[in-house]
Amino acid sequence: NWEDGYNSGALRKAVDAGLVDMNDLVQIWKSKPIPEGPVVLRKTLPASVKVKMATLLASLPSIDPDCAYGVLQGEAKGFMPIGHDAYEVIIEARKLKAK
């Protein structure tokens with residue numbers, strides 16, 4: 001939520017560190033959810049390794065909340081599988097910035 005610097009990312013880390021006071025900011029626009037950086041696994045990994053990794057990431061908040069907070073840069077909703085299309089808006093923005 002806004003008051004806490006949202007749930008994860010650089011702004012949340014700055015709020016947690018006391019570098020930013022959300023009362024000093026004014027929200028002027030809100031985007032649709034923007035995916036965080038991906039966790040990518042090689043296609044050539046054995047299926048069992050992919051399953052173990054997905055299971056670890058999905059259960060990390062319950063196994064070790066402090067570690068999950070650090071990995072997720074805040075109280076993120078967790079990990080979920082998404083495809084390349086989720087990043088299209090970011091790719092397009094970077095292309096426009098390069099012009």
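Quick rundown of the values:
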{"read-out": "Breaking point among (1) touching a Phe, Trp or Tyr at 6+ places or on another chain (Cβ under 9 Å); (2) surrounded by 11 or more Cβ atoms within 10 Å (Cβ to Cβ), for residue 27", "value": "(2)"}
{"read-out": "Check on residue 12, at pLDDT 90 or above and either touching a Leu at 6+ places or on another chain (Cβ under 6 Å) or not β-branched (Val, Ile, Thr) (or both)", "value": "no"}
{"read-out": "Members of region 28-66 found to be closer than 30 Å to residue 93 by Cα and touching a helix residue (DSSP H, G or I) at 6+ places or on another chain (Cβ under 6 Å), listed by number", "value": "35, 41"}
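Quick grid of which residues meet (1) under 20 Å from residue 9 (Cβ atoms); (2) over 12 Å from the mean Cα position of the chain (by Cα); (3) polar (S, T, N, Q):
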| residue | (1), (2), (3) |
| --- | --- |
| 38 | yes, no, no |
| 47 | no, yes, no |
| 57 | yes, yes, no |
| 73 | yes, no, yes |
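The values are calculated or read from the model by the stated rules, or taken from the named source; none is laboratory data. As the structure is a prediction and not an experimental result, all values here were calculated from the model. Glycine also receives a Cβ, built like all others from the backbone with ideal geometry; neighbour counts cover every protein chain displayed.
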